[in-house]
Amino acid sequence: MIIADYLKALGQIGDSRFLRVLALGLGLTIALLFGFTVAFAWTVGLIVPDSFALPWIGEITWIDNLASLAVIPVMLIASIFLMVPVASAFTAIFLDDVVDAVEAKHYPGLPPVAHVPFSESITETLKFLGLLLLVNLAALILCLIFAPFAPLIFWGVNGLMLGREYATLVARRRMSRTEVHAFRKRHSTTIWLAGICMAIPLTIPVMNLIVPIIGVAGFTHLTHRLKA
């Protein structure tokens, strides 16, 4: 049933509101990852000296160039872990557009909802982004320690976080906070599995830009199905 929810969402990918969120998210994702890469490279440049001398060898002048080149593979690996919080952040900001499109097509009889104010959405998104970054840094450390289990750790941790957040973001439109909490608790396993189904393709380049939109749409179908 979870796969069916995502297939319904995928079938609506050509919707203009889906494409608008995709375009906005693509620009924001590239800007954030580029900014992070520049900041990381600048920090490395400050820490690593331009040259230094070694006994019996003499002056070494190429270490800063080597460090600069090392930034590229490091950031490629880090971007896999950063993509989840970044993608989740931009999707949360433009959540209503995607959910409105899904409900207009598949659930036309629903009453209108009072959208969350944009300022409140930004605040909640930044809070979740900060938490997700910390969790992913912890997951990265665990992946380095338990390398053979790295994919399972990444998918499990991010599936839990993404499932919880996306279920909350969709459900709160038509439920009270108490009802949302009870809903998540009652369907915790299903929500976690749905989150894992998002976390797995988020590690695939290019695909990870589309997944958050499909995820939000999929969780919309999942939420209405579980409520029914």
Rolling a 1.4 angstrom probe over the protein heavy atoms, how many square angstrom per residue are accessible across the range 147-224? 43
FRET efficiency for residue 33 and residue 142, Cβ-Cβ distance as r, R0 = 22 Å, nearest 0.05? 0.45
Divide, for the range 116-220, the radius of gyration over alpha carbons by 2.2 N^0.38 Å, where N is the residue count. 1.11
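The values are calculated or read from the model by the stated rules, or taken from the named source; none is laboratory data. Treat the numbers as computed from the prediction; the structure is a model and nothing was measured. When we count neighbours, we look across all protein chains shown, and the Cβ atoms used for this are built from the backbone with ideal geometry, even at glycine. In case anyone asks, the SASA skips ligands and DNA or RNA and just uses the protein heavy atoms, side chains included. Shrake-Rupley method; radii C 1.70, N 1.55, O 1.52, S 1.80 Å.
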